[in-house]
Amino acid sequence: MMYASMKSTACRGITAVHDDADEPTSWIDRCLKAVRALDTEGSAGTSTRVRLFEDLYPTSVGSLNEENNVKQFVRQMLEQKMLGLVYQPIVSLQHQDFEDYEVFTRQTIAELPPGIPQDLFKRAFRTNVAGDLDRWAILESFKALKNRLATHPKTRLFIKISAISLRDTSFVPWLRISYQATGLDPKHLVFQIEEKDVSLAISSTRELSSQLNRLGLLIGVTHYGLSSSPGRIFSDLKFDFAKPDQSCVLRASTSTEGMEHLSACITAAKSAGVRVIVPFVEDASIIPLLWKLGVNHIQGYYIQSPGPTMEYDFSSQE
C-alpha cells in the first residue's frame, strides 16, 4: 500500500499496489490524484481525514485499447463487486420439467465511467481474463442455485463457458472440484459453449463433454447454425441442447430463405436427439411455427428480459 500527503492537515490518498502496475510512479500519481480530490472538497480543520482512493481507470492511464488494460479494469470490477449475475427464463413449448434460467454477467453500476468503451466485455472475452469471469460466474451461480433450490426445487441454470476456459487444461479439474464441493444435483445445471469455439477446439470440447458426462452434467451449444452444414457438429460431439444464433432467428422472421435455414438447423438437431432452444424471441408471431417444427424451448424479451432475480411465473405457461 502506498500513500502521499501534503499540507499540515495531513490529507492522505491511499491506493492498493498489485502486479498489474506498469510503472511504480503510476501509483504515486494515483495517490496524489486522491489528495488533490480531497483538497478540493475542503479538508481544513480535519487533520486526520483519510480517503481510500481507487479510480476506475487502468494505471497505465492511456486508454483501454491494450489487452493488459482491459484485463486490469475487469479484475478491478470483480474486486469492487461492480459485476453481478442476471437471469433470463427459458420456457418450454411442451412439458415444463424444470424452471430454466440462463445466467449472464452484467455490471451492477448504472453505466461505465466516461471514456470506457461500451464493448468492454466483448474485448475482455478476447483476453485470458475471460477465464476469471467464467470461474467467478460459475461459483456465484452455484451459490445462487443452492439458495434457490431451497424454495424452488425445479430450478435449473444454463451457464456459459468461454473459449479461454475451454482451452485451459486446468479448467476441467477446477470445475470438477468446485462442483463436487457444492453437493448440487447435476440435473440442475447445463453448461454451454459457442459453436465457433467448439469448431476451433474439438479435442478440448470432447474432453470437457466427457468430464461433464461422468459427473452427470448436461452440455449445450450456443450460436448454432452459422456453419455451412447445419448439424455437422452433432456428428463429432454429443450435446444435450442446441441454441440457434441470433442472426438465424432474425433472418427467419424476415425472409423465407432465413426460415428455411432455421428449419434445417432445428431438424438437424432434433434428428441427433438434441433439444432445441430458440432464443431472441421478440414477439408471439413466430411461436406457432417453432412449435410445429418441434422446438422444445423459447427464450427472449417476449418472455422476459434478464433480471437480477429468478422470479418468472412458469405456471402461467402451463
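Filter segment 117-135 down to the residues that are among the acidic types (Asp, Glu) and closer than 19 Å to residue 191 by Cα, then identify the one that is surrounded by the fewest Cβ atoms within 10 Å (Cβ to Cβ). Spell out how you get there, then give the answer.
Within segment 117-135, the first condition is being among the acidic types (Asp, Glu), and the residues that meet it are 119, 132, 134.
Cutting the leftovers down to closer than 19 Å to residue 191 by Cα gives us 132, 134.
Working: 132: 17, 134: 24.
Checking each candidate, the answer is 132.
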Check your understanding: Can you name the residue in segment 295-318 that is in contact (Cβ under 8 Å) with a residue 60 or more places away in the chain, over 21 Å from the mean Cα position of the chain (by Cα) and assigned to a loop (DSSP other than H, G, I, E, B) and is also surrounded by the fewest Cβ atoms within 10 Å (Cβ to Cβ) among such residues?
Key -> 318
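When you scan segment 265-280, do you find a residue that is within 21 Å of the chain's Cα centre (by Cα), assigned to a helix (DSSP H, G or I), farther than 25 Å from residue 87 by Cβ and not aromatic (Phe, Trp, Tyr), even just one? Spell out how you get there, then give the answer.
Step one: list which residues in segment 265-280 are within 21 Å of the chain's Cα centre (by Cα), which gives 276-280.
Those left that are additionally assigned to a helix (DSSP H, G or I): none.
There is no residue in segment 265-280 that is within 21 Å of the chain's Cα centre (by Cα), assigned to a helix (DSSP H, G or I), farther than 25 Å from residue 87 by Cβ and not aromatic (Phe, Trp, Tyr).
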Check your understanding: Looking only at residues in segment 77-97 that are surrounded by 18 or more Cβ atoms within 10 Å (Cβ to Cβ) and either within 21 Å of residue 308 (Cα to Cα) or modelled with pLDDT under 80 (or both), which one is nearest to the chain's Cα centre (by Cα)?
Key -> 85
Check your understanding: If you go through segment 225-243, how many residues are touching a Pro at 6+ places or on another chain (Cβ under 8 Å) and at pLDDT 95 or above?
Key -> 1
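Going through 235, 178, 204, 199 one at a time, which residue ends up being crowded, with 20+ Cβ neighbours inside 10 Å, assigned to a helix (DSSP H, G or I) and assigned by TED's automatic domain parsing to the domain that holds residue 104? Full working, then the answer.
On the way: 235 fails: crowded, with 20+ Cβ neighbours inside 10 Å; 178 fails: crowded, with 20+ Cβ neighbours inside 10 Å; 199 fails: crowded, with 20+ Cβ neighbours inside 10 Å.
Going through 235, 178, 204, 199 in turn, just one is crowded, with 20+ Cβ neighbours inside 10 Å, assigned to a helix (DSSP H, G or I) and assigned by TED's automatic domain parsing to the domain that holds residue 104: 204.
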Revision key, fill the gap. Within segment 84-117, residues being under 28 Å from residue 289 (Cα atoms), in a strand (DSSP E or B), in contact (Cβ under 8 Å) with a residue 60 or more places away in the chain and aliphatic (A, V, I, L, M) number 2
Exercise for review: Taking residue 122 as the residue in question, decide whether it is in contact with a His (Cβ under 8 Å, 6 or more places away or on another chain), of a type outside the set (S, T, N, Q) and part of a helix (DSSP H, G or I).
Suggested key: no
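I'm trying to understand the selection: among the residues of segment 125-149, which are among the polar types (S, T, N, Q) and outside any helix (DSSP H, G or I)? It would help to see each step written out before you state the result.
Quick first cut of segment 125-149, residues among the polar types (S, T, N, Q) only: 127-128, 141, 147.
Listed by number, the residues that qualify are 127, 128.
So in segment 216-232, with the set limited to residues that are more than 20 Å from the chain's Cα centre (by Cα) and of a type in the set (Ser, Thr, Tyr), which one is surrounded by the most Cβ atoms within 10 Å (Cβ to Cβ)? Spell out how you get there, then give the answer.
Applying the first criterion (more than 20 Å from the chain's Cα centre (by Cα)) to segment 216-232 yields 216, 225-232.
Subset that is of a type in the set (Ser, Thr, Tyr): 227-229.
Numbers: 227: 14, 228: 5, 229: 9.
It comes out as 227.
Give the residue that is nearest to residue 176 (Cα to Cα), with candidates limited to residues of segment 127-145 that are among the small types (Gly, Ala, Ser) and touching a helix residue (DSSP H, G or I) at 6+ places or on another chain (Cβ under 9 Å).
Checking each candidate, the answer is 131.
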Review point. What about residue 101, is it modelled with pLDDT of 75 or more and either within 30 Å of residue 300 (Cα to Cα) or aromatic (Phe, Trp, Tyr) (or both)?
Key: yes
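Can residue 292 be described as among the charged types (D, E, K, R), surrounded by fewer than 18 Cβ atoms within 10 Å (Cβ to Cβ) and touching a Gly at 6+ places or on another chain (Cβ under 6 Å)?
Values: among the charged types (D, E, K, R): yes; surrounded by fewer than 18 Cβ atoms within 10 Å (Cβ to Cβ): yes; touching a Gly at 6+ places or on another chain (Cβ under 6 Å): no.
Against the criterion (among the charged types (D, E, K, R), surrounded by fewer than 18 Cβ atoms within 10 Å (Cβ to Cβ) and touching a Gly at 6+ places or on another chain (Cβ under 6 Å)), residue 292 does not qualify.
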Review point. Residues of segment 104-126 being in contact with a Lys or Arg (Cβ under 9 Å, 6 or more places away or on another chain), at pLDDT below 85 and within 30 Å of residue 314 (Cα to Cα), which ones?
Key: 108
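The values are calculated or read from the model by the stated rules, or taken from the named source; none is laboratory data. Note that this is a predicted model, so its numbers are computed, not measured. In this analysis, Cβ positions are derived from the backbone assuming ideal geometry, glycine residues included, and neighbour counts consider all displayed protein chains.
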